[in-house]
1. Just want to confirm a number: the relative contact order over the range 43-104, from Cα pairs under 8 angstrom separated by 6+ residues, in percent.
2. With θ taken as phi - 60° and the coefficients 6.51, -1.76 and 1.60, list the Karplus ³J(HN,Hα) couplings across the range 161-168 in order, rounded to whole Hz; mark glycine and proline as x.
3. So who's got an amide H within less than 5 Å of the one on Asn78, skipping anything under 5 residues away but keeping other chains? H placed 1.01 Å off N, in plane.
4. Computed on alpha carbon atoms, what radius of gyration and Dmax characterise the range 154-194, expressed in Å?
5. How far is it, in nm, from the label point at Glu77 to the one at Thr24 when both lie 7 Å from their Cα along the line to the Cβ?
6. For q values of 0.14, 0.16, 0.27 Å⁻¹, compute log₁₀ I(q)/I(0) with the Debye formula on a Cα-only model of the range 18-88, without solvent.
7. Give me the distance between the Cα centres of the range 169-183 and the range 87-158, rounded to whole Å.
8. Let me see the pair-distance distribution of the range 114-164: every alpha carbon pair, 10 Å bin width, integer percents in order.
Amino acid sequence: MGLTGSVTISGGMGTLTIPAASLTTATASQSVTITSVEDANSCAPASVLSTNATFTINSLPDVTNLGASAATICLGENGAVTVSGLADGVYTITYNLGAPNLATGLTGMVTITGGTGTLTIPAASLTNASAAQVVTITVVEDAEGCAPASILSVGATFIINSLPNTGSLSASAAAICVGDNGLVTVSGLTDGVY
């Protein structure tokens, strides 16, 4: 016995939905054959029909080994998250940022080559310095628009260093003789190595 479904025709067209539970295996050529049509009055042609359609069922991205790491940056720079554990290809990554640059549902494109790729977080999304900025990948969608149904939670933590405060920066230099080192006195910066 075949599967049954209901179709509403409007303007000469309608859509027959095949439940996902019946389409569990990826294939380049899935065939569906309409064998009978019964109208709202329970009337159907006596002969068996054989109207066919063929479509592709794309596999979902394998995120079993998905990993992420991120490098330290300076405020004003783009964040760079190294994504690993995906098959080579182009993906749309949905991610969230933790405080102090709190944001959800951000997206970026990643091209995986040789097992790794880089997700770029725009500097405009990273406007606050942080000793522990968290980024969490929640969705991985492949080039065919396929993504696992469950929400992911693959994260990385990185540092966003603040920029030197140069508002009071000044410099002065004394006269020297030829052959002497020039000495420039720099002031107005906080203690540290520059």
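No value in this document is a laboratory result; all are computed from the given coordinates. What you are looking at is a predicted structure, and each value in this text was computed from that prediction instead of being measured. No Cβ is skipped: glycine too gets one built from the backbone with ideal geometry, and neighbour counts run over all protein chains shown.
1. Contact order relative to length: 24 percent.
2. Couplings: 6, 6, 8, x, 7, 9, x, 10 Hz.
3. Sorted by chain and number, the residues that satisfy this are Ala123.
4. Using the Cα atoms of the range 154-194, the pair Rg, Dmax is 17.6, 61 Å.
5. A separation of 4.9 nm, rounded to one decimal place.
6. -0.71, -0.81, -1.17
7. The distance from the Cα centre of the range 169-183 to that of the range 87-158 comes to 49 Å.
8. Reading the bins upward from 0: 18, 43, 28, 10, 1.
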